[in-house]
Amino acid sequence: MEHRGTLREITREFLRLGFVAYGGHAAHIAMMEERFVRQRGWVTRERFMDMIGAVNLLAEPTSTELTIYLGEIRGGVPGLITAGFLPKLRQSPVASAFLDGVNAAAVALMAFVGWQFARASLVNAPAVILAIASAVLVFRYKINSAWLVLGGAIAGIVLHALRFI
């Protein structure tokens, strides 16, 4: 069982993330990996990757669901509620205007955190091949992310059975 944090810690961390997380869900997830896996040690890298797989099967935006999941792991039901409420603050008109002003910087930030996320996740040749195949399926054929996750899971099992992973 992971160490439980305080609601103050959870609020502080997710408010901080809310103020600095620009660039969409992929950037948010990469920033959460950096902050909550590498810097804070809330969960292991393996657990974090499992969490991403699980939340990709849900209908809501992935980074929002991941935020709620991390809040629950760190602080139980009160942490879940706290972490789930904080992303809603970004939907105010003032926050929207603020976000409109930083879109150009978001592109550079997305590239940076995307690179860090890739370095953390693409640890062997089969993972790189699966990532490239997934990118082709998304960009060329507009495949839904749920199908990609399911296909990746099946491919991972097959590659493991064949002893490639």
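Among the residues of region 54-69, how many are outside any helix (DSSP H, G or I) and not aliphatic (A, V, I, L, M)? Break it down stepwise before answering.
Looking only at region 54-69, we keep the residues that are outside any helix (DSSP H, G or I), and these are 56-61.
Right, trim to not aliphatic (A, V, I, L, M) and you get 56, 60-61.
Number satisfying all stated conditions: 3.
Do we have residue 44 as of a type in the set (Val, Ile, Thr), out of contact with any helix residue (DSSP H, G or I) (no Cβ under 6 Å at 6 or more places or on another chain) and assigned by TED's automatic domain parsing to the domain that holds residue 116 here? Judged against the criteria, residue 44 is a match. Checked across region 147-163, the condition of being under 21 Å from residue 46 (Cβ atoms), touching an Asp or Glu at 6+ places or on another chain (Cβ under 8 Å) and aliphatic (A, V, I, L, M) holds for no residue.
Given the structure, is residue 102 modelled with pLDDT of 90 or more and loosely packed, with under 15 Cβ neighbours inside 10 Å?
On the way: modelled with pLDDT of 90 or more: no; loosely packed, with under 15 Cβ neighbours inside 10 Å: yes.
No; evaluated as a whole, the condition is false for this residue.
A count restricted to region 109-136 and to residues that are in contact (Cβ under 8 Å) with a residue 12 or more places away in the chain, surrounded by fewer than 16 Cβ atoms within 10 Å (Cβ to Cβ) and not aliphatic (A, V, I, L, M) stands at 3.
Scanning region 38-54 for residues that are over 11 Å from the mean Cα position of the chain (by Cα), surrounded by 15 or more Cβ atoms within 10 Å (Cβ to Cβ) and either aromatic (Phe, Trp, Tyr) or under 11 Å from residue 121 (Cβ atoms) (or both) turns up just one, 42.
In region 1-43, which residue that is of a type in the set (Ser, Thr, Tyr) and closer than 29 Å to residue 97 by Cβ is modelled with the lowest pLDDT? Out of the qualifying residues, it is 22.
On the basis of being hydrophobic (A, V, I, L, M, F, W, C), in the same structural domain as residue 145 (by TED's automatic domain parsing) and at pLDDT 90 or above, does residue 128 make the cut? Talk me through it step by step, then tell me what you get.
Numbers: hydrophobic (A, V, I, L, M, F, W, C): yes; in the same structural domain as residue 145 (by TED's automatic domain parsing): yes; at pLDDT 90 or above: yes.
Yes, satisfied.
Yes or no: residue 145 outside the structural domain of residue 39 (by TED's automatic domain parsing), under 17 Å from residue 52 (Cα atoms), within 18 Å of the chain's Cα centre (by Cα) and in contact (Cβ under 8 Å) with a residue 24 or more places away in the chain? Answer is yes for this residue. Within the set 41, 23, the sole residue that is in contact (Cβ under 8 Å) with a residue 60 or more places away in the chain, on the phi > 0 side of the Ramachandran plot and of a type outside the set (Ser, Thr, Tyr) turns out to be 23.
The values are calculated or read from the model by the stated rules, or taken from the named source; none is laboratory data. Source: prediction; values computed, not measured. Glycine gets a Cβ as well: all are built from the backbone with ideal geometry, and neighbour counts include every protein chain shown.
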